[in-house]
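See structure below.
The values are calculated or read from the model by the stated rules, or taken from the named source; none is laboratory data. Small disclaimer: the values here were computed from a predicted structure and weren't measured. Every residue, glycine among them, receives a Cβ derived from its backbone with ideal geometry; neighbour counts consider all protein chains shown.
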Amino acid sequence: METIVERRVLTQERERFRAVLDEATDAIRIVDADTHAILDCNRADCELSGLSRPAMLGRDSRPFWPSSVAAGNETAGARVAGVGRTQSVLFENAAGRVLPVDCTGRTVEYRHHRYEILMFRDAPERLAGEDARREEPTQPSGTLPPILDTKRSTEQLRDDAGR
C-alpha cells in the first residue's frame, strides 16, 4: 500500500516531468501506436497545433499529417525500424494552415504496448538558413578565407613584431 510520502514523491515527479516537457522548444507528442490516439503532448505541440492540451488528448493524430496519411506512411520509418526522421513533412494545424515541419519519430514498447514518440519543429527557420547558405558567394576551390590563411597570418604577425 502506498504511503502519503510515496504519493507526494510521485506527484512531485509528475509535476517535474510536465514542467520539463512543457519547456522543450520542440513539439513532443506521445501517441498510441495502434489507435493513433494522442496520449500526451507538450506546450510547443499545442502552440503549433492550435489546440489546448485537453483538446489534443485522445484525438486521432493522423489528420495533422495530411500528405503522410494519404501516402500511408505517417511514421513509417518509426514503425518499421523503430526510428524515423523526415524533413519538411507537411503538418496541418487546427486552423487548416499547412506548414513544413522536421519530424523525428521513435516507437517504443512499454509493458507489452507500443507507443510512438514524435518530436517536431517548424521547418522554415532551417529552410531559411539553407537558402542563405546557397546565396553566399563561394570561395574558389583550394583557397581559404584571409582570416584562416595561416601562412599569411604568420607573416603578418612577424611583420608586426618587427616594427
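Listed values, structure above:
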quantity	calculated
Subset of the stretch 105-128 (residues that are among the hydroxyl-bearing types (S, T, Y) and closer than 20 Å to R59 by Cα)	T107, Y115
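Okay, residues lined up against (1) loosely packed, with under 14 Cβ neighbours inside 10 Å; (2) of a type outside the set (F, W, Y); (3) in a strand (DSSP E or B); (4) at pLDDT 95 or above:
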residue	(1), (2), (3), (4)
R79	no, yes, no, no
T86	no, yes, yes, no
V89	no, yes, yes, no
G96	yes, yes, no, no
E116	no, yes, yes, no
R121	no, yes, yes, no
R134	yes, yes, no, no
P137	yes, yes, no, no
S141	yes, yes, no, no
